[in-house]
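What follows is one structure encoded as structure tokens, with my remarks underneath.
The values are calculated or read from the model by the stated rules, or taken from the named source; none is laboratory data. Please read all numbers here as calculations on a predicted model, not as lab measurements. So basically every Cβ, Gly included, is an ideal-geometry build from the backbone, and we count neighbours across all protein chains shown.
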Amino acid sequence: GKWSDGDDKSIYYNDGNVGIGTENPSEKLEVDGTVKAKSLTTTGMIRGSSMPPNLIRNSYMNILDGNKPAGYTTLGNVTLEAAHPFTKGFEGPYVGEKPANAADSVDDATEENPYWFGRFNKGARIKRGGLADGWASFRDGKILKITGDNSAQHTVVLFPFECKGNFVTKKYVHFKAWLKISSGKQVGFGQVAGWYGNRGGLFLTKEQSDNAPDGWYRVDGVIPTSEVTRLGGQSFSMGIVGDGDDGSFEVYLALPYLANLDNDSWLPSVSDLLSRDGLTVHPTSGNVGIGTTDPSQKLEVDGIVKATRFVGDGSGLTGIRAGGSTKWSDGENNTIHYNDGNVGIGTNNPSQKLEVAGTVKATKFEGVGDSTIDGSLTIAGNLEVQGDVIARDTEHIEGNVSLGDADNDEVKITGLLRSGHSSGALRIDDALHTTESLTVDGSLSVSNAIATAQLSVTDRVTGSLTVENNLTVGGSLANIEINATGTIQAKYLSLAQSGAQYSNMATFASKNPEPPYVNWYHNKSGGDTVRYGYIQAGDFGQHKEFRFRVENQANFTFLNGNVGIGTTNPSQKLEINGTVKATKLEVNENLRVDVNGDLIFGKDVNNQKFIFHPRVHKNGDFFHFTCDQPDGNWDWNKGILFYRNGNVTIRTSKLEVAGALKLPNGSQTLIYNADESGRPIGDGFRLRYDGNFFGTNLDGLVIEKTDGNSGNPDGGIGFVNTGNDGVEQTALVIRGTGNVGIGTKNPSAKLVVTGGETTLQQESWKTPTLQNGWVNYGRGYNSAGYFKDSLGIVHLKGLVKNGTANTIFTLPVGYRPAAQELHSVATSPNAMARVDILSNGTVQRISGSSTWISLDGITFRAGSSTRGDGIIRDVIVGDTIRDVIVGDTIRDVIQ
């Protein structure tokens, strides 16, 4: 205890809490006994006191506007949705066994897949009751799902308040709710929460939500209001801060409760709240009024009453509307419907002004205008029609039918006219006269003559047909013989042999001495009929001929087994008087062309022709194959020349071989503009084989640049790369002086490398065998080692110690200097020392401490080789030496 009167009266202090009458207070002030005070002022709830009414309307969220709770509004990019209480496991189903579709976790829970908290247990929030079908619970309650982001200026959810008549400014309210933050950083309430990102008077983080049971945090606190969120006609606000750059969030809220704590303000009664919203229970009469505060009957409604059913007896009410399209109903199946200006009896979708689904019984029926009867019409008496009768379908009736009583009466049939006669044919016993065309799609059988001026048949005529005038046939004629005194015209004429082999198929006979003609005529549009050609056969002089003619020309003639084109007297199997043009010519055996001049191929267009031209030359006859130029003249400076002695000349010095070029035995030189061997007669090159180039029986391939005008060859051999831009990139040149250039065309020394970096591959460090007690110093310093670079320079490294004699190690042959080398090095304690490298390879300490001595930085030229041993020398390198792999030592790089 902190204070005691020495007896049992004590005041205790425990972990920031004060207890009177108790040693272990759990609250800031806990009194075990009665508290008597003249007055008590508090800004929060007093446990055990009565609970004020909830100032938030529609807190169970079962009154909806679409899919969101009615009365709840937002500012910014925020979406509200009324979610089922099973969502995110706010509560679960009140059942004895786990459903087969139960979710594995509360975060996966939905209305269709709820989370099961156990046997008849709806969860930690509401164990038995709840918003969705628990023990004596609501069945249609919802929770609020809030999604969106912070892309707008404000992110606010506004709650509907019962706040009229409350004059509260800068005061406090008591707020309770269940909150789950699925995504987002934090949620704030009150104190302009969400306005310009304001966090509010009370704010909760996602970490608090995640640490709560099932992720649902119980919000319970006193929150200050403001000018914006005061209860005097305003709304209480909620603000949300989302995740990441886009500020997205997903938050759930259930059972929000807000109570007034200000003892300077007052609240209306429940009846006053209902009356304000339009529902009044009169205190004196007990009458209920909707839309009126002074109801004169048990229920008086100032407006339209909409109900699923109304049952009344003798009320005499007017203006009763059944809802939807139903205007009147007795509560069972008898209804009258009204739809889009139409009245239906027995149907709820009348399509006419009056539609009756059933029988209409009337003493008299009068109609004005057209009437339609979909079914049968039975008239017991007479039917008198004063106007026209238009019938689409009529039944068969007995007796005759007479239509019209005058020559000018018309009978009009819009559809088909079919026969019911037993023969199946439509019989017309009297003469048939037509002033228009008569079209018969099937067969037409005529016993007597057809007295029309012309008969047109689009299919076929069987039997004999005599035509005294013109006959036009659009199809085929199936008779055996046609005898016509006039002209036969047809779109096409097909003649088929119907008799035995060698029987006649078509005969063209002429009674005149002149051979008969088969003529072809063409009638140009708007012009006269002109003969374009003919076929003629007969005796012409002493010969039988068969001719195909174009009018006034000799085209195609068969004579004595010969065929002539352009001539009437062919002397060979095929004689053509003119040019032969063909896409392809095939000859099974030899083809001989007797040509006195040139043989030309190609189109008769400039720069598209080739010529075979025989010529006589002082060096012998030859055959020249060349092409024409853009001006049409032959280009005699190009082409291929074939000589009688077997030589072939290509005038442009070009030869492209698609494959290998093989030289016969004895032809060991490929030359260009030079003799085959010996002294060249001009500038050129040789690619030849030399059996003794490197010495006796040591042959080689010789690539030779020739110079015919100087004993000192100029120019050289170049290896270049060329891209599609045509620019040559020099890779390697060998000049006539013997200088070699890489990256340059003008090497000034035996080897010049320019245009980039050149790498000389180096060997790895080698580990020597330490002698006389010398060991590596360690501690991160270099171990003893040596290597020789590509220029023949030997490098040493290492920090060694504890030697008992001066010799540290010995270098192998090839890594020794030509003479003794003296080098200054560092030694302990940070002083100068001397190490010598002897020509026998000994690495020896001359002076310095054995505590430690350094070999780092010692370099010298290996002296095991001399000049004239084939080592690369006199190399000029423009940049860093890289990218060159040298198998042996490179020395004397720069003298």
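Data table
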| item | result |
| --- | --- |
| Complete set of residues in the range 620-648 that are surrounded by fewer than 13 Cβ atoms within 10 Å (Cβ to Cβ), out of contact with any Gly (no Cβ under 7 Å at 6 or more places or on another chain) and farther than 14 Å from residue 609 by Cα | 620, 621, 637, 646, 647, 648 |
| Residue in the range 95-111 that is in contact with a His (Cβ under 9 Å, 6 or more places away or on another chain) and not hydrophobic (A, V, I, L, M, F, W, C) present | yes |
| Scope the range 63-96; condition among the hydroxyl-bearing types (Ser, Thr, Tyr) and not in a loop (DSSP other than H, G, I, E, B); matching residues | 73, 74, 79, 87 |
| Hits in the range 772-803 (condition: small (Gly, Ala, Ser) and more than 60 Å from the chain's Cα centre (by Cα)) | 773, 778, 783, 784, 785, 792, 798, 803 |
| Residue count, the range 7-42 (criterion: at pLDDT below 70 and either surrounded by 12 or more Cβ atoms within 10 Å (Cβ to Cβ) or among the acidic types (Asp, Glu) (or both)) | 2 |
| Strands (runs of 3 or more DSSP E) wholly inside the range 657-715 containing at least 1 residues that are of a type in the set (Phe, Trp, Tyr) and modelled with pLDDT under 75 | 669-672, 684-695 |
| Count of residues meeting criterion [modelled with pLDDT under 85 and in contact with a strand residue (DSSP E or B) (Cβ under 9 Å, 6 or more places away or on another chain)] in the range 327-342 | 8 |
| Strands (runs of 3 or more DSSP E) enclosed by the range 263-303 - at least 1 residues per element that are modelled with pLDDT of 85 or more and over 22 Å from residue 52 (Cα atoms) | 288-290, 299-301 |
| Test for residue 136: is it at pLDDT 90 or above, in a loop (DSSP other than H, G, I, E, B), of a type in the set (Gly, Ala, Ser) and surrounded by fewer than 21 Cβ atoms within 10 Å (Cβ to Cβ) | no |
| Some residue of the range 102-113 being in contact with an Asp or Glu (Cβ under 8 Å, 6 or more places away or on another chain), modelled with pLDDT of 85 or more and on the phi < 0 side of the Ramachandran plot | yes |
| From 108, 149, 140, 133, residue being acidic (Asp, Glu) and farther than 20 Å from residue 253 by Cβ | 133 |
| Identity of the residue in the range 177-229, among the charged types (D, E, K, R) and not in a loop (DSSP other than H, G, I, E, B), that ends up surrounded by the most Cβ atoms within 10 Å (Cβ to Cβ) | 180 |
| Residue list for the range 245-260, filter: buried (at least 17 other Cβ atoms within 10 Å of the Cβ) and assigned to a loop (DSSP other than H, G, I, E, B) | 247 |
| Yes/no for residue 720 being in contact with a Gly (Cβ under 6 Å, 6 or more places away or on another chain) and assigned to a strand (DSSP E or B) | no |
| The range 114-133 - residue that is of a type outside the set (Lys, Arg) and without any contact (Cβ under 8 Å) to a residue 24 or more places away in the chain and, of those, surrounded by the fewest Cβ atoms within 10 Å (Cβ to Cβ) | 118 |
